[in-house]
Amino acid sequence: MNVQNIEQYRVGAEPFYRVTAGEDALYEAAYARRMPVMLKGPTGCGKSRFVEYMAWKLGRPLITVACNEDMTASDLVGRYLLDKDGTVWQDGPLTTAARIGAICYLDEVVEARQDTTVVIHPLTDHRRQLPLDKKGELLEAHPDFQLVISYNPGYQSLMKDLKQSTKQRFAALDFDYPEAELEAEIVARETGVDSETAGKLVQVAHRTRNLKGHGLDEGISTRLLVYAGQMIAEGVEPVAACQMTLVTPLTDDPDMRQTLQAAVETFFV
């Protein structure tokens with residue numbers, strides 16, 4: 001693996017992330033021991049941004065995998081492919097990260113099948129190895145390699161959760177939406193809207209988060225607030241911007257949409 005291949009995975013510019021509870025220091029301590037880390041929290045609360053920020057801060061390449069139910073072990077580890085010269089082995093993202101000493105981030109890992117996630121087990125204990133059975137290779141992880149996973153516990157059921165044998169291989173950090181004042185600061189910083197508008201968007205979000213479990217699976221995320229702010233910054237009328245980014249994506253239930261729209265109009269009409 002040459003330097004150019006490694007450099008393509010580096011985070012070029014500092015991502016904007018506001019530390020809220022010393023999570024950066026905790027992560028740095030875990031990375032110092034190359035400890036596997038699990039990030040737990042609701043959708044759009046900043047888990048992925050945190051990983052990008054820490055990769056930048058530590059100067060490590062970052063390889064991100066968006067997990068899904070169709071993902072196989074070969075998608076993570078690698079497979080043989082046909083080309084003009086016959087068959088050639090192509091490393092998967094997990095193997096690439098283990099070879100070059102990158103941070104490998106498996107986003108929403110619980111979406112992957114359990115028979116797929118078990119391939120990470122040898123990398124997350126004292127062995128730090130990745131068996132490439134199809135290739136007949138036992139890969140020793142680079143000394144700088146670290147595995148990070150994330151998931152949203154609020155969405156999980158008994159049929160779709162991490163096994164205890166997987167959970168207990170990781171240290172864990174809890175994430176949640178920021179306090180209102182900080183969240184408004186983040187929205188203003190990310191979108192360019194004024195602080196008053198950002199504050200109103202956050203108040204709308206707080207009302208919807210109180211409806212979680214009462215008609216909504218999840219309240220409005222910080223990510224959606226940033227989308228709303230970006231639309232408003234582009235000159236879109238606030239109620240229309242909120243309808244497009246905060247109401248319509250969240251639910252198809254007509255009554256719930258009316259409730260959300262009323263919350264928007266409370267602050268923007």
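For residue 78, the amide hydrogen comes within under 5 Å of the amide hydrogens of 92, counting only partners 5 or more places away or on other chains and with H modelled in the peptide plane. Cross-link pairs exceeding 22 Å between alpha carbons, from the set 135/167; 40/212; 40/167: 135/167. Relative to the longest principal axis of the Cα atoms of the chain, helix 47-58 runs at roughly 60 degrees. Sites count as exposed loop sites when they are GluC sites (Glu not before Pro), lie in a DSSP loop, and have at most 12 other Cβ atoms within 10 angstrom; the longest stretch of the chain without one is 70-178. When only the Cβ of Lys, Arg, Asp and Glu is charged (+1, +1, -1, -1), the dipole of the chain relative to its Cα centre reaches about 900 debye. Apply the a/c threshold of 1.5 to the C-alpha gyration tensor of the chain and tell me whether it is rounded, prolate or oblate. It is prolate, given that a/c is not under 1.5 and a/b is the larger ratio.
Taking every C-alpha pair closer than 8 Å and separated by at least 6 residues, the mean separation divided by the residue count of the chain gives a relative contact order of 19 percent.
The protection proxy used here, the mean number of other Cβ atoms lying within 10 Å of each residue, ranks peptides 162-173, 96-107 as follows, highest first: 96-107, 162-173. Simple spin-label estimate for residue 265 and residue 237 gives 1.2 nm between the two label positions (7 Å along the Cα-to-Cβ direction from each Cα).
Looking at segment 3-174 alone, DSSP beta bridges between its own residues are antiparallel in about 40 percent of cases. Scalar couplings 3J(HN,Hα) for segment 90-104, obtained by applying the Karplus form with A = 6.51, B = -1.76, C = 1.60 to θ = phi - 60°, are 10, 4, x, x, 5, 5, 4, 4, 5, 6, 9, x, 8, 7, 9 Hz; x denotes Gly and Pro.
Across segment 57-114, the fraction of Cα-Cα pairs farther apart than 12 Å, rounded to a whole number, is 69%. Here the Debye sum runs over all C-alpha atoms of segment 156-269 as equal scatterers in vacuum, and log10 of I(q)/I(0) at q = 0.16, 0.21, 0.23 Å⁻¹ comes out as -0.74, -1.07, -1.22. Relative to the current alpha-carbon distance between residue 19 and residue 79, full extension at 0.36 nm per residue lengthens the span by 17.7 nm.
Here the gap between residue 174 and residue 206, fully extended at 0.36 nm per residue and compared with their Cα-Cα distance, gives a gain of 9.6 nm. Phi-derived couplings, Karplus 6.51 cos²θ - 1.76 cosθ + 1.60 at θ = phi - 60°, listed residue by residue for segment 31-40: 5, 4, 9, 6, 6, x, 10, 10, 9, 10 Hz, with x used for Gly and Pro.
Loop-located trypsin sites (Lys or Arg not before Pro) in segment 1-73 (DSSP state other than H, G, I, E, B) with a sparse environment of at most 14 neighbouring Cβ atoms within 10 Å: 10, 18, 33.
FYI, it's all coordinate maths here, none of it is from the lab. The structure presented is a predicted model; accordingly, all values stated were derived computationally and were not measured. Glycine gets a Cβ as well: all are built from the backbone with ideal geometry, and neighbour counts include every protein chain shown.
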